[in-house]
């Protein structure tokens with residue numbers, strides 16, 4: 001599986017990067033001088049909606065679209081709860097009849113309420129009509145911190 005990274009920087013105001021595997025496009029990124037990158041930025045946001053069916057919250061952090069904060073990206077110490085109670089949705093056993101978790105884990109609506117302020121970090125940019133992916137596991141890169 002040979003991978004290739006193709007960079008087009010002929011226009012000084014726009015950079016294009018394509019990632020291919022076996023000559024099949026896997027990812028495509030465009031960065032313009034007018035749109036700044038926000039991955040890694042930390043924001044104080046406000047929860048504008050909680051979706052129990054998605055086990056996630058939507059957070060207004062100042063971007064065009066609200067960010068997506070899944071239950072698995074909520075740090076246990078941030079909400080002073082036991083880490084064993086938060087599991088990733090992929091690890092949970094769901095009942096097909098009720099759609100409820102059979103593990104007895106924490107529900108997102110018990111952790112986060114609409115209007116609550118949260119400190120979040122962007123882990124993935126907005127794509128299409130979807131908002132940025134967020135986390136409360138904050139990290140600040142640096143060698144002297």
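Where a number appears in this text, it was derived from the coordinates with a stated rule and is not lab data. Please read all numbers here as calculations on a predicted model, not as lab measurements. For neighbour counting, all protein chains shown are included, and Cβ atoms are generated from backbone atoms with ideal geometry for every residue, glycine included.
Couple of notes before you dig in:
- Computing FRET efficiency as 1/(1 + (r/R0)^6) for residue 54 and residue 77, where r is the C-beta to C-beta distance and R0 is 35 Å, gives about 0.90.
- Shown for 119, 69: other C-beta atoms within 10 Å of each C-beta, ranked fewest to most, produce the order 119, 69.
- Contour excess over end-to-end distance, with Cα ends at residue 65 and residue 34 and 0.36 nm allotted per residue: 9.4 nm
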